Amino acid sequence: MHEGHIMQKLTNYLPWLKPVIKLVKGENPTEQIKIILAKVGTPLLGLVIFLIIWAGAASAIDTSLGKFPGPGEVRTQFLNLLDESKAEKEKEIAFYERQQKRNEAKLAKDPNAKVKIRPYTGNPTFFDQIGTSLVTVLSGFILASLIAIPIGIIIGLSPGLYAAFNPIIQLFKPVSPLAWLPLVTMVVSAVYVTKDPMFSKSYLTSMITVLLCCLWPTMINTAVGVASISKDLINVSKVLRLSWLTNIYKIVIPSSLPMMFTGLRLSLGIAWMVLIAAEMLAQNPGLGKFVWDEFQNGSSNSLGRIMVAVLVIGAIGFLLDRGMLTLQRVLSWDKTADIR
Amino acid sequence: MTHTVPHLELTGVSIDFPTPNGPFRALNKVNLKIEEGEFISLIGHSGCGKSTVLNIVAGLYKATEGGVLLDGKEVDEPGPERAVVFQNHSLLPWLTAYENVELAVKQVFKGQKTKPEMKEWIEHNLNLVHMDHAMDKRPDEISGGMKQRVGIARALAMEPKILLMDEPFGALDALTRAHLQDSLMEITSSLGNTVIMITHDVDEAVLLSDRIVMMTNGPAATIGEILEVNLERPRNRVELSDDSEYNHYRHAVLQFLYEKQRNPDDKTEASKTDKEEMSEEASMASEKLTDNKPEAA
Ligand SMILES: Nc1ncnc2c1ncn2[C@@H]1O[C@H](COP(=O)(O)OP(=O)(O)OP(=O)(O)O)[C@@H](O)[C@H]1O
Ligand SMILES: [Mg+2]
């Protein structure tokens with residue numbers, strides 16, 4: 001009974017799970033397989049056709065670094081990257097083992113000896129770069145949302161403030177991240193001077209650039225959502241004499257949640273695109289730097305490795321958007337709305 | 001009716017709405033006294049200013065001239081002692097029926113009722129409107145009539161001094177409407193609420209009201225006539241439909257609406273007869289006036 005309830009909830013948020021669960025339960029298997037095939041089959045067919053065209057086109061393009069990488073080449077390079085990262089991890093483990101042994105030996109000789117633990121400073125692997133990019137994009141996005149949503153709510157509540165803020169928003173919204181980057185870099189290196197930095201400067205520049213670019217969609221959409229709350233609901237709030245704060249979290253936030261999410265999804269999409277560009281331009285660690293380094297490297301493998309990065313960037317962007325969508329399904333009250 | 005001070009008193013209430021063509025006087029010098037426990041209907045043609053009167057009593061609009069006294073105190077802001085049932089239910093769509101009523105109860109009885117008392121009170125009010133079976137459904141999962149019931153339960157749960165209803169059953173089919181009218185009669189007769197209800201429906205007005213307040217057409221609308229309905233309670237719609245007194249009241253309201261106050265939209269006939277009594281220039285001026293009249297909300 002209870003399990004059924006959980007399943008019900010789960011499939012509400014992740015609708016594609018429904019036929020899979022039914023299939024596992026053995027409910028009308030042929031029917032479920034048909035549904036899954038219809039859902040998975042057509043996209044799969046599209047993918048196969050894409051791969052064929054890609055392979056064909058790739059073999060026809062010659063560059064100074066050899067042929068343009070086809071699907072096979074990309075697969076090989078992906079496996080290479082996996083191996084390299086495994087090797088790098090083994091090196092790291094070996095380094096720490098050696099260090100520990102050395103320190104133990106020192107301590108055995110002289111228990112009062114000072115032992116140093118040095119961090120390993122190998123090259124970041126492809127997967128380290130993915131991690132760096134993800135942390136940067138998420139922290140920039142979350143920080144931007146924490147700023148943009150309250151401001152959006154406040155300017156949405158007051159037509160006067162909205163009129164005052166609107167020109168500023170409209171002015172900064174279309175600014176490309178690449179224009180912000182030099183300014184942010186200079187400001188960070190001027191302002192962020194500590195002996196013992198908690199964050200690296202490159203992380204801060206990338207993160208702040210992302211933040212500046214993804215403030216606006218969230219802010220605008222939140223403000224519009226708040227400004228368009230139905231007059232009747234506002235009257236209900238007035239008749240009940242809800243306090244300012246109660247009004248915000250009982251009436252204003254729930255009713256503007258759908259618009260807020262539209263803004264958040266736009267922002268996250270922009271954040272991810274901005275980040276890669278910023279990392280390339282500023283040589284800050286992350287996937288963008290990986291692409292740039294490979295381009296500079298110019299070996300026969302480079303194009304294949306860049307193509308791996310391109311696909312990974314696309315896949316992560318897609319997953320980030322799906323994540324937001326699922327979050328929206330969980331939080332939004334309007335389950336009837338067709339959210340895509 | 002031994003009150004020296006009436007329960008609710010509107011004195012010289014006028015209101016001007018700002019428009020691009022200067023202020024638009026929607027109501028002009030409305031005077032009305034209402035006793036405690038009275039059921040008042042407001043009836044009049046569309047756009048004459050019924051909702052405006054109700055919104056002024058609710059405190060959602062401010063009168064330009066004159067004012068409203070409730071138990072001797074001036075009304076100058078909205079408050080739960082003047083609960084409103086809105087025309088289109090205006091329930092919060094993300095809350096269940098129970099939670100919608102709960103929001104009101106928590107706000108009004110904060111610090112007066114304990115948690116279990118509140119729960120009991122919410123359920124009691126949903127029971128009154130026969131919505132106890134669908135307490136945990138959200139507005140988009142229930143019918144229009146059910147939503148309106150929840151809206152009424154929410155208003156009743158505030159224990160208001162006066163219940164304001166803006167065409168509460170306007171959007172419902174005839175059967176559901178009759179059903180809800182009966183429920184409302186039952187509730188108000190047992191609780192003794194003071195009610196002001198706007199309606200377009202002559203039968204509804206006669207069946208439910210102690211007095212029917214009939215408004216003249218706008219602009220600058222005011223109260224045309226007040227009809228006392230002295231039918232015995234409890235009232236039964238089937239018996240009354242064959243009652244000569246009931247039909248006399250109906251006739252009086254219909255006469256007011258369709259002879260004394262012709263429908264303002266129905267220009268052809270109305271303005272023709274008016275024109276005959278007016279000089280050429282005056283009729284031109286009057287036409288300008290009607291042209292400038294803003295669209296009815
Ligand atoms: N906020 C407003 N601003 C300007 N004019 C308004 C406003 N509210 C109402 N009016 C005008 O006041 C007049 C009366 O409107 P009101 O809504 O009170 O009519 P009503 O009798 O309730 O009509 P209905 O029966 O159609 O609901 C209309 O001419 C309308 O255009
Ligand atoms: Mg109205």
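Structure data summary
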quantity	calculated
Lysine-lysine proximity count for region A:100-194, Cα under 22 Å, sequence distance 8 or more or distinct chains	5
Reachable aspartates and glutamates, given that their alpha-carbon falls under 15 Å from the alpha-carbon of A:Lys39 and they are not under 8 places away in the same chain	A:Glu31
Stokes-Einstein diffusion coefficient of the protein assembly as shown, Kirkwood radius over Cα pairs, 20 °C, 1.002 mPa s, in µm²/s	69
Solvent-accessible area lost in complex, 50 Å² minimum, residues of region B:50-72 relative to chain alone, 1.4 Å	B:Leu60
Estimated buried accessible area (total), pair B and A, 1.4 Å, Å² to nearest 100	1800
Karplus-derived 3J(HN,Hα), 6.51/-1.76/1.60, for each residue of region A:271-284, Hz, glycine and proline x	4, 5, 5, 4, 4, 4, 4, 5, 5, 5, 5, 9, 6, 8
With 10 Å bins from 0: P(r) over chain A, alpha-carbon pairs, percent	5, 17, 21, 24, 19, 10, 4, 1, 0
Chain B: relative contact order in percent, alpha carbon pairs under 8 Å with at least 6 residues between	23
FRET efficiency estimate (nearest 0.05) - Cβ-Cβ, A:Ala113 to A:Leu311, R0 56 angstrom	0.65
Average accessible surface area per residue within region A:207-338, 1.4 Å rolling probe, Å²	41
Pairwise FRET efficiency - A:Thr76 versus A:Gln100, Cβ, R0 = 41 Å, nearest 0.05	0.65
Probe 1.4 Å, accessible area per residue of region A:2-60, Å²	75
28 Å Cα-Cα reach of B:Lys73 towards lysines, excluding residues that sit fewer than 8 places from it in its own chain	A:Lys231, A:Lys238, B:Lys29, B:Lys33, B:Lys50, B:Lys62, B:Lys106, B:Lys110, B:Lys113, B:Lys161
Extension reserve of the A:Val187-A:Glu92 stretch, reckoned as 0.36 nm per residue once the Cα distance is removed	30.7 nm
For B:85-98, mean number of other protein chain Cβ atoms within 10 Å	4
Average other protein chain Cβ within 10 Å of Cβ, residues B:131-143	1
Over region A:275-328, equivalent-ellipsoid semi-axes from the Cα gyration tensor in Å	26, 13, 5
Contact order normalised by residue count of region A:58-216, Cα under 8 Å, 6+ apart, percent	22
Chymotrypsin sites (Phe, Trp or Tyr not before Pro) within region A:198-248, DSSP loop, no more than 16 other Cβ atoms inside 10 Å	A:Phe199
Counting DSSP beta bridges with both ends in the protein assembly as shown, the antiparallel % (nearest 5)	55
Efficiency of FRET from Cβ geometry, B:Asn21 and B:Ala171, R₀ 30 Å, rounded to 0.05	0.40
Fraction of accessible area attributable to carbon and sulfur, chain A (%, probe 1.4 Å)	69
Shielded residues, region A:223-240 - accessible-area loss of 10 Å² or more between chain alone and all protein chains, probe 1.4 Å	A:Lys231, A:Asp232, A:Leu233, A:Asn235, A:Val236, A:Lys238, A:Val239, A:Leu240
Segment A:Tyr13-A:Gln170, extension gain: residue separation times 0.36 nm, minus the distance between their alpha carbons	53.1 nm
Relative contact order %, chain A, counting alpha carbon pairs below 8 Å whose residues are six or more apart	20
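The values are calculated or read from the model by the stated rules, or taken from the named source; none is laboratory data. Bear in mind that the values here come from a model prediction, so they are computed numbers and not experimental data. Here Cβ is always computed from backbone atoms with ideal geometry, including for glycine, and neighbour counts include all displayed protein chains. These area figures cover heavy atoms from the full protein model, side chains too; ligands, DNA and RNA do not enter into them. Shrake-Rupley method; radii C 1.70, N 1.55, O 1.52, S 1.80 Å.
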